[in-house]
Structure formats: C-alpha cells, structure tokens
Amino acid sequence: MPTFDAGQLEALRAAVDEGTFDGAARRLHVTPSAVSQRIRALETVAGRVVVTRSKPIVPTVAGTALLRLARQIATITAEAVQEIGTAPGAELGVSLGVNADSLATWLLPALATVTPAVLFEIHCHGEDATVELLRQGTVMAAVTGRDAAIAGCSVEPLGDMRYLPVASPSFIIRWFGDGVTPATLAAAPVVTFDRTDALHRRFIRLRTKRDLHPPTHQVPSSTEFVQAVRLGLGWGLVPELQVKDGTTDKDLTPVDPNIAIDVPLYWEQWRIPSEALIRIRTAVMAGAHTALHQSARRGQQARVRTENDDGHCVLGS
C-alpha cells in the first residue's frame, strides 16, 4: 500500500485551492518549483497524474480522491492542534455545500447554535449539485437531494422542504382571472431559479397532466426569487418557510391552495473522526427537525399523495 506524504498532499490542496503553482507557493511560503516537485513526487507514489497543468489547476479523478484525503487530514490535524492548545486562538474551518433555499431559511439559525464555534466556508449550489462538491473534496458535508451516500460518506434524511405555488394578488387577477387552466398556465410568466429548476414543471404536470412551456424569468437567488414573485414578475414555487404564517401572506396568493410540492433533503458528510462535524451534524439535524416536514416516506420513488394531514395534495420528488 502506498504511503502518501503529508507535505505532498498539502501541496496538492494548495495548488487546487489557489488555482496555480505560484498561488500555492505563496500560501506555503515555498517556491513554485518546490510545489511542482512535491506534486510530481505524489504522482510517482500514486502512479497516476493527479492534476491537469491548466489555469486554473484541476484535479484528475485520482487527484480528486487524494484531494479529499488531504482535506480530511487537514481537518483532523487542525482539531488536534486546537485540542492540545499548541496554537492558542486558532479557529477550525469547515466547508459546507448548501442549496440556496436552505441557506435562506433554516440552516443559518441551526449553524449559529454550533459550540464551540467554527469558521464556515459555505458553497451555495443546487441540492443535486452539492454531492459533486463532496466527491471532489471541496466540502466536508452538504445538504443534498439524494439518499445514496458516495464513497467515504454517510447520509441521513433531514426532512422535506415544502414549496407552495404562489403569485401576487394582482398577478392572479391579471393572468388567472378566468381560472388556473392549461391555457392560462401556458401563457402566464413563471419565475424559476435557473435552467435546472424544474419545480414549476412538476406543478404544471400535476395540475394539468400536460407538459407546458410558459414564459420564464430566471432569478438565481433565493431571497430575490421571492421578491420577484411578490412584485408580480411571475408566479413561482416558493418555500413555505418564506411565506408569512406558512400559508397566508397579503403579498402572495396561492395559485392552487390544494397543491404543494415536497422536496426531500439529506445530510451527507465525510466519515472521519471529526468532533466539529459531529457538532455540526447535531445542530443541523435539530434545526431540520424543527423547520422541515418530517415525512414517513424515505428512499422511495416519487409519487403523488391524494391528501396529507394538512389537506394538501403533495408531489414528492
């Protein structure tokens, strides 16, 4: 079994983080030549090329696995240093992958309860994209949209984030005055997060049994997304947590009060002996238990429930 040198792994981490050998050299207080030599030595031990010599530097498949190892070693080392007190006042940094709607609603209050405090580096991506950040070793834990753990990680359900189809009262009058029909849904503008956002298509399919393509606004920010709907740019699927009093809001009117869409969320993290990750997981699970809908269904395929306890028809995902 090959033995990987800590200094070589740190050179890999610095090169990927900084994007160039020059940047890594400044960070490590060595010459660019020394960084290059360490990475070449690492490649010799691994028997694989670990980075592409591009700008920015990108890890290969083998390099991604070693980068994840490098970050795990750095985390455990930082915790040990903190515990034995060889660097008084040193703060532990933890990188997290988070979807925008969780970040805008329930997650930050949960992270604020983590004690002793850590320094968070948050990467905001869609819940289906945060898994890739874990796989690349960019983050140590993530809110994801899948229940299958990648290698070296554990996964557990957080709960369901519920989305309500809403619009401003004036928008409802203008576009849905004759009812919510296939024709009006095809014509009425809709607000989406980005090109990968398909929640509105799920609602339309559930409501009409058709695939429609209405005019679409893209607003890639959770807070501004809700603001766009409030201002009447279009209707949209807004997290229940961002609608005042759950279902009543003077600025937002349900497009269909009998339909909501539940999106299951999961917590996935590295399986390493990290006290910081344990504390973060505990805080995140507690926050999710309070804020998210705790559904009995886990690990099942998408399905439509005719009615739930709140009287909503819900489309799972």
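List of remarks:
- Positive end of the dipole of region 233-288 (Cβ unit charges, origin at the Cα centre): among 286, 276, 263, the Cα lying farthest that way belongs to 276.
- Rg [Å, one decimal], Dmax [Å, integer] - region 105-222, C-alpha atoms: 18.6, 57
- The chain - Debye-derived log10 I(q)/I(0), Cα point model, q = 0.07, 0.08, 0.12, 0.15 Å⁻¹: -0.36, -0.46, -0.87, -1.14
- Estimated FRET transfer efficiency (residue 285, residue 148; beta-carbon r; R0 22 Å; 0.05): 0.70
- Projected over all directions and averaged, the alpha-carbon convex hull of region 181-240 occupies 3.9 nm².
- Potential extension, residue 135-residue 241 segment - 0.36 nm per residue separation minus Cα distance: 35.2 nm
- For the pair residue 156 and residue 44, label points projected 7 Å from Cα toward Cβ lie 4.5 nm apart.
- Extension gain for residue 209 to residue 37 (0.36 nm times residue separation, less C-alpha to C-alpha distance): 55.9 nm.
- Taking Cβ atoms as reference points and 15 Å as the exclusive limit, the residues near residue 64 contribute a net charge of +2, counting Lys and Arg as +1 and Asp and Glu as -1.
- When a 1.4 Å probe is rolled over the protein heavy atoms, the share of accessible surface on the chain that falls to carbon and sulfur comes to 54 percent.
- Other-chain or far-sequence residues with amide H under 5 Å of residue 217's (modelled H): 190, 191, 192
- Rounded to the nearest 20, the size of the Cβ-charge dipole of region 1-131 about its Cα centre is 580 debye, with Lys and Arg at +1 and Asp and Glu at -1.
- Phi to ³J(HN,Hα) by Karplus 6.51 cos²θ - 1.76 cosθ + 1.60 over region 238-243, Hz, x for Gly, Pro: 9, x, 3, 5, 9, 9
- Value at 222 nm in deg cm²/dmol, rounded to 500, when DSSP H runs of n ≥ 4 in the chain each add -39,500 (n - 2.57): -12000 deg cm²/dmol
- Farthest positive-ward along region 134-191 dipole, Cα basis, beta-carbon charges - from 138, 173, 155: 138
- Stretchable slack from residue 27 to residue 122, in nm (0.36 nm times residue separation minus alpha-carbon distance): 32.1 nm
- Centroid-to-centroid separation of region 100-114 and region 202-231 [C-alpha atoms, Å]: 24 Å
- Å² per residue, accessible surface of region 1-141 at 1.4 Å: 50 Å²
- Highest average packing first - 42-50, 199-207, Cβ atoms within 10 Å: 199-207, 42-50
- Overall dimensions of region 20-175 by Cα: Rg and Dmax, Å: 20.3, 68
- Here r is the Cβ-Cβ distance between residue 231 and residue 256 and R0 is 25 Å; the resulting FRET efficiency, rounded to 0.05, is 0.75.
The values are calculated or read from the model by the stated rules, or taken from the named source; none is laboratory data. From a predicted model like this one, the values you see are computed outputs, not experimental measurements. Glycine also receives a Cβ, built like all others from the backbone with ideal geometry; neighbour counts cover every protein chain displayed. SASA here: full protein model, heavy atoms, side chains in, ligands and nucleic acids out. Shrake-Rupley method; radii C 1.70, N 1.55, O 1.52, S 1.80 Å.
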